[in-house]
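Here is the structure we will look at, set down as structure tokens.
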Amino acid sequence: MDRNYHVFSDGRLERNNDTVRLVTEDGEKKYLPVENAEALFVHGQVDYNTRLMSFLDDHGVAMHVFGWGDYYSGSIMPKRGQTSGQTLVEQVRAYDDPERRLGLARKFVAGSIHNMRTNVKYYDNRGHDFASIVETLEDCRGNLDEADDVDEAMGVEATARRAYYSIFDAILPEGFVFGGRQYNPPNNEVNSLISFGNSLVYANVVSAIRATALDPAVSYLHEPGERRYSLALDIAELFKPLLTDRLIFRLVNRGQLSTDEFETELNSCLLTESGRKTFSKAFEETLEETVEHPNLKRKVSYQYLLRLEAYKLKKHLLTGENYEPFERWW
Amino acid sequence: MMMQYYEVCERELWFLSRNIEIDRENPAVVRGTHVDDETYEEKRRNFSIDGTISLDVLDDGQVLEVKPSSSLVEPAKLQLLYYLWYLDRVVGVEKSGVLAHPTERKRESVELTDENAARVEDAIRGVHEIVTRESPPPAEEKPFCESCAYYDFCWSC
């Protein structure tokens with residue numbers, strides 16, 4: 001039930017009997033088995049009609065649309081997702097209680113710093129000297145306890161992320177110059193990859209939240225309404241180092257993505273269609289990787305970790321039991 | 001359903017009382033619903049009484065409870081006894097019941113004896129105590145945890 005299908009061609013998406021069919025502009029027909037699909041990721045220019053929407057709705061399949069600029073444009077979510085007034089009430093209660101909101105905001109930042117640190121340590125052990133960055137991240141984590149409000153927690157996150165991003169230029173090969181985070185639109189290849197990867201993480205978190213009765217617009221670290229699904233931003237923060245950044249390093253360092261895979265115009269630098277294909281394919285393979293879960297006593301996929309994170313948060317909100325953020329344990 | 005959950009897992013009972021939705025894709029849930037929907041289709045009628053309980057009555061007048069397997073028999077029996085108790089003490093009709101495991105072609109008759117009625121009354125008090133708690137009873141590992149729809153919810157921590 002958890003496969004993502006990516007559509008890169010331009011053309012028409014339609015219902016054909018009991019499946020979804022893509023008819024490309026040159027008349028080629030491709031079939032997307034919808035039975036085991038979690039979501040369709042649409043990167044090309046496609047037409048579709050209401051008949052397709054109802055069909056996807058019946059099968060509980062979301063459609064995430066990717067466009068220009070920062071890549072993610074929006075999602076069309078099936079109405080059949082779970083809804084629960086009770087869950088929404090508890091979500092808002094936690095938001096409205098400054099102590100609880102700050103507690104959750106800190107957890108998201110703490111988890112995210114931990115996962116950044118894991119990546120830094122990995123490269124620190126492989127011929128780089130990032131000891132001072134590890135130390136900065138540890139300081140940030142310490143300072144987090146003194147953050148008195150959500151803005152301060154956000155500030156700690158920003159400091160940590162700046163330190164973390166400072167290692168990128170040392171890890172990436174010649175030709176890939178980062179020089180700090182720029183987005184909307186990204187200004188160079190590295191920023192473009194981060195934007196694209198993070199938007200894939202974000203869309204997958206949106207799908208994971210949909211599987212619970214959580215409202216994706218009520219968030220804790222980010223301000224609700226900052227973007228439409230701000231809760232997805234909170235949760236995505238935890239997974240970006242695992243899902244996006246490591247993949248970028250791997251693809252670029254192994255030469256699977258070169259600077260030829262980008263289109264540069266004025267102040268923007270965006271992945272070409274073939275670059276997006278390469279990245280998405282590798283991203284899907286990453287989502288399917290598994291790890292032994294210490295409490296569930298079985299192997300779970302990286303993609304399922306997103307779902308579990310939504311469950312954990314929901315459980316905290318509804319039962320008051322402690323929420324511990326995802327921190328890479330392997 | 002409350003009686004059944006009280007006997008199986010108090011934490012699950014608490015979740016249920018708060019409408020904390022289970023994972024509808026869970027194979028055990030899908031199977032249970034399927035077995036229940038597909039058996040005695042022609043011979044039973046569903047009744048909703050006082051908006052509190054919903055039960056199935058067979059053509060011969062017996063109250064029916066279907067279990068997809070013979071595991072967790074006692075909880076299903078308690079649930080059925082509760083229906084019989086409710087009919088007898090609240091509605092004022094005396095009925096007998098039948099507990100059916102269609103996949104194993106087994107049926108068992110259930111009667112509301114004095115002893116059984118006392119068991120139901122104890123359970124009603126127990127259920128009330130659980131569902132009025134602020135937070136759920138802590139997770140406790142049981143042999144059937146792994147097949148529960150709340151398994152990942154309880155243990156992903």
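Measuring max minus min along each principal axis, the C-alpha atoms of the range B:80-157 give extents of 46, 36, 19 Å (largest first). From the alpha carbon centroid of the range A:254-269 to that of the range A:279-317 is 30 Å. Label positions at B:THR132 and B:THR103, each projected 7 Å from the Cα along the C-beta direction, are separated by 3.8 nm.
Among beta bridges identified by DSSP and lying wholly in chain A, the antiparallel ones come to about 65 percent.
Derived scalar couplings between HN and Hα for the range A:21-30 equal 10, 10, 10, 6, 4, 8, x, 6, 10, 10 Hz in order, rounded to whole Hz, by the Karplus curve 6.51 cos²θ - 1.76 cosθ + 1.60 (θ = phi - 60°), x for Gly and Pro. Look at the stretch A:312-319: the mean tally of other chain Cβ atoms within 10 Å of its residues' Cβ atoms is 5. A 1.4 Å probe run over chain B, with the rest of the protein chains in place, finds 55 Å² accessible per residue.
Taking amide hydrogens as placed 1.01 Å from N in the peptide plane, the amide H of A:TYR72 sits under 5 Å from those of A:GLY67, each at least 5 positions away in sequence or on another chain.
Projecting the Cα atoms of A:LEU102, A:TYR31, A:SER73 onto the dipole axis of the range A:1-103, where Lys and Arg carry +1 and Asp and Glu carry -1 at the beta carbon, places A:TYR31 farthest toward the positive end.
The interface between chain B and chain A buries about 1700 Å² of solvent-accessible area in total (1.4 Å probe, ligands and nucleic acids excluded).
Across peptide B:11-20, the average count of Cβ atoms from other chains found within 10 Å of a residue's Cβ is 3.
Each residue, A:ARG162 and B:ILE124, gets one label point 7 Å from its Cα in the Cβ direction; the gap between the two is 6.6 nm.
In angstrom, the C-alpha Rg and Dmax of the range A:125-241 are 15.9, 46.
Computed from backbone phi, the HN-Hα couplings of the range B:91-96 come to 8, x, 10, 8, 9, 10 Hz, rounded to whole numbers (Karplus: 6.51 cos²θ - 1.76 cosθ + 1.60, θ = phi - 60°; Gly and Pro given as x).
Can you tell me the alpha carbon radius of gyration of the range A:175-330 divided by the globular rule-of-thumb value 2.2 N^0.38 Å? The partial results should precede the final answer.
Working: Rg = 16.8 Å, N = 156, 2.2 N^0.38 = 15.0 Å.
With N residues counted in the range A:175-330, Rg over 2.2 N^0.38 Å equals 1.12.
Counting only the Cα atoms, the range A:6-158 fills a convex hull of 183 Å³ per residue. Computed over the range B:1-136, the P(r) tail beyond 19 angstrom holds 53 percent of alpha carbon pairs. When the Cα positions of A:HIS293, A:LEU306, A:LEU271 are compared along the charge dipole of the range A:262-330, A:HIS293 comes out farthest toward the positive end, with charges on each C-beta of Lys, Arg, Asp and Glu. In the range A:102-199, Cα pairs under 8 Å separated by at least six residues give a relative contact order of 24 percent. Take each residue of peptide B:132-139, count the partner chain Cβ atoms within 10 Å of its Cβ, and average: the result is 2.
Surface composition of chain A: carbon and sulfur make up 45 percent of the accessible area, probe 1.4 Å. Couplings for the range A:237-247, taken from phi via the Karplus curve 6.51 cos²θ - 1.76 cosθ + 1.60 with θ = phi - 60°, read 3, 5, 9, 4, x, 6, 8, 8, 5, 4, 5 Hz in order; Gly and Pro are left as x. Put simply, the amide H of A:PHE262, placed in the peptide plane, has neighbours under 5 Å in A:THR272, leaving out anything fewer than 5 places away on its chain. Any aspartates and glutamates with Cα under 18 Å of the B:LYS142 Cα? List them, leaving off those in the same chain fewer than 8 positions away. In chain and number order, the partners are B:GLU7, B:GLU10, B:GLU12, B:GLU74, B:ASP152. Every Cα-Cα pair in chain A was counted, and those over 29 Å apart are 40% of them.
Within the range A:4-108, report the GluC sites (Glu not before Pro) that DSSP leaves as loop and that have at most 12 other Cβ atoms within 10 Å.
Values: sites: A:GLU14, A:GLU25, A:GLU28, A:GLU35, A:GLU38, A:GLU90, A:GLU99; in loops: A:GLU25, A:GLU28, A:GLU35.
Those satisfying the criteria are A:GLU25, A:GLU28, A:GLU35.
The values are calculated or read from the model by the stated rules, or taken from the named source; none is laboratory data. Because the structure is a prediction, the values reported are computed rather than measured. Glycine gets a Cβ as well: all are built from the backbone with ideal geometry, and neighbour counts include every protein chain shown. For the accessible areas, the whole protein counts, side chains as well, though only heavy atoms, and no ligand, DNA or RNA atoms are used. Shrake-Rupley method; radii C 1.70, N 1.55, O 1.52, S 1.80 Å.
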